[in-house]
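A quick write-up on the structure given underneath.
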Amino acid sequence: MIDLRSDTVTRPTPAMRAAMAQAPVGDMQYGDDPTLNALEERVAALLGKEASLWLPSGTMANQVALRVLTRPGDDVLIASEAHSAWHETGGSAANAGVQCTEIPGEGLFTAADVRRMAKPQDSPVLPLPPTTLVQIENTHNRHGGRVFPPAQVEAICATARELRLATYLDGARLWNACAVTGQSHATACAPFDLVMVAFSKGLGAPAGSILAGPRDLISRAIRQRRMLGGAMRQVGMFAAACDHALTHHLARLPEDHANARRIAQRLAACPGVKIALDRVETNIVVFELESARVDAPGLVQGARARGVLINALGPTKLRLVTHLDVSGADCDRAAAVLVEILDGKV
């Protein structure tokens, strides 16, 4: 199978498995796992933050960040179709007690949007939930791996500070964004109060995300991680995988971006396929079927029968994601299969 459902489907490489097997370990909660401690120090320095905290998943990191930066009843501004509202099974409301307000658009928004949509924190008359947090997802998953323009990020965070709003970066795929913009990871993270990066997506580790920020916020996050069941024991094996991924898999991300573009270009030539090639910036391709021979579930089923796995995001919308376990030849083959189904040749 050529698995393009997500960049989370990768398997640890033999070298990563060896690093995991050989990792010194200890108890995370006592702070004596040397491999984990070294990873947290490395990532904090890489992201330009005082401290960092490992969590088993990006979803838990997002939930912990909400509990640290908001209060129950607060309002959070997010991009349309953001992961925290669409793919965390209502966790933002259940765990943090916040409501999410989606800013209309296609994954991006501006400082003017924040100023326009932020609800007042001290309205004496209107019973509005106060907006206290702005969240950016970079790259944006459901909108095709779009990269937030750096100048736009800086303007949004400056406006947030002016309005007394906290800022949070869901940077699950920040590695991909920086590969496109050329920014250092520290520069990309500098405007935010808290940031999250993931290792189980583009970098190919089996698990692990890290929250980074000021030491006082990370100290508060430790308690929230414990409350959500994320305090684990001998995490050094996972930390070793994350460290190996950071060392060996970061520089190759442009290969995934090139493979995504070659698939997108093939799909764009198909009648009935709507795809914005100028938005295929990273490793995610989102496209829609308009008057095509099949609907999205039909294309998923037909592709699976021929050894290609992709995901439907709706009746007409689909997503595929390239990663280190699929080669250029695999992507050419997958594109050919999809085109043949769309052309009615099978």
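The values are calculated or read from the model by the stated rules, or taken from the named source; none is laboratory data. As the structure is a computational prediction, the values presented were derived from the model and not from experiment. All Cβ positions, glycine included, derive from the backbone under ideal geometry; neighbour counts span all protein chains shown.
Values as computed for the structure displayed
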{"item": "Leading residue by the ranking (farthest from the chain's Cα centre (by Cα)) among those in the range 207-219 that are crowded, with 17+ Cβ neighbours inside 10 Å and farther than 17 Å from T59 by Cα", "result": "L217"}
{"item": "Out of L342, L267, sole residue that is touching a Phe, Trp or Tyr at 6+ places or on another chain (Cβ under 6 Å), buried (at least 16 other Cβ atoms within 10 Å of the Cβ) and touching a residue at least 60 places away in the same chain (Cβ under 8 Å)", "result": "L267"}
{"item": "Failed item in (1) surrounded by fewer than 23 Cβ atoms within 10 Å (Cβ to Cβ); (2) in contact (Cβ under 8 Å) with a residue 40 or more places away in the chain; (3) touching a strand residue (DSSP E or B) at 6+ places or on another chain (Cβ under 9 Å), with T59 passing the rest", "result": "(2)"}
{"item": "Extreme residue, farthest from L174 (Cα to Cα), among residues of the range 235-262 that are in contact with a strand residue (DSSP E or B) (Cβ under 7 Å, 6 or more places away or on another chain) and in the same structural domain as G182 (by TED's automatic domain parsing)", "result": "V235"}
{"item": "So Q265, is it more than 23 Å from the chain's Cα centre (by Cα) and in the same structural domain as V326 (by TED's automatic domain parsing)", "result": "yes"}
{"item": "Failed condition for Q224, given (1) in a helix (DSSP H, G or I); (2) at positive phi; (3) not β-branched (V, I, T)", "result": "(2)"}
{"item": "The listed residue being under 30 Å from F148 (Cβ atoms), touching an Asp or Glu at 6+ places or on another chain (Cβ under 6 Å) and buried (at least 18 other Cβ atoms within 10 Å of the Cβ), out of N259, N283", "result": "N283"}
{"item": "Test result for S291, hydroxyl-bearing (S, T, Y), out of contact with any Cys (no Cβ under 7 Å at 6 or more places or on another chain) and farther than 28 Å from H249 by Cα", "result": "yes"}
{"item": "I218 vs. criteria of a type in the set (V, I, T), in a helix (DSSP H, G or I) and in contact (Cβ under 8 Å) with a residue 24 or more places away in the chain", "result": "yes"}
{"item": "Residue in the range 323-334 that is farther than 16 Å from A264 by Cα and at pLDDT 95 or above present", "result": "yes"}
{"item": "Elements of type helices (runs of 4 or more DSSP H) in the range 125-206, at least 2 residues being at pLDDT 95 or above, of a type in the set (S, T, N, Q) and surrounded by fewer than 24 Cβ atoms within 10 Å (Cβ to Cβ)", "result": "150-162"}
{"item": "Options A166, A151, A160; residue that is over 24 Å from H87 (Cα atoms) and in contact (Cβ under 8 Å) with a residue 24 or more places away in the chain", "result": "A160"}
{"item": "Output for the range 96-121, where each listed residue is of a type in the set (K, R) and either in contact with a helix residue (DSSP H, G or I) (Cβ under 7 Å, 6 or more places away or on another chain) or exposed (fewer than 15 other Cβ atoms within 10 Å of the Cβ) (or both)", "result": "R115, R116"}
{"item": "Exclusive hit being in contact with a helix residue (DSSP H, G or I) (Cβ under 7 Å, 6 or more places away or on another chain), among the hydroxyl-bearing types (S, T, Y), surrounded by 16 or more Cβ atoms within 10 Å (Cβ to Cβ) and in contact (Cβ under 8 Å) with a residue 24 or more places away in the chain, set S6, S52", "result": "S52"}
{"item": "Some residue of the range 14-35 being among the aliphatic types (A, V, I, L, M) and either over 20 Å from F199 (Cβ atoms) or in contact with a strand residue (DSSP E or B) (Cβ under 6 Å, 6 or more places away or on another chain) (or both)", "result": "no"}
{"item": "In the range 300-314, the residues that are within 18 Å of G144 (Cβ to Cβ), in a loop (DSSP other than H, G, I, E, B) and among the small types (G, A, S)", "result": "G314"}
{"item": "Any chance A239 is surrounded by fewer than 16 Cβ atoms within 10 Å (Cβ to Cβ), among the small types (G, A, S) and over 18 Å from L338 (Cβ atoms)", "result": "no"}
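This table checks each residue for (1) more than 21 Å from the chain's Cα centre (by Cα); (2) farther than 17 Å from D3 by Cα.
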{"residue": "E281", "(1), (2)": "no, yes"}
{"residue": "V286", "(1), (2)": "no, no"}
{"residue": "E290", "(1), (2)": "yes, yes"}
{"residue": "P297", "(1), (2)": "yes, no"}
{"residue": "K317", "(1), (2)": "no, yes"}
{"residue": "L324", "(1), (2)": "no, no"}
{"residue": "S327", "(1), (2)": "yes, no"}
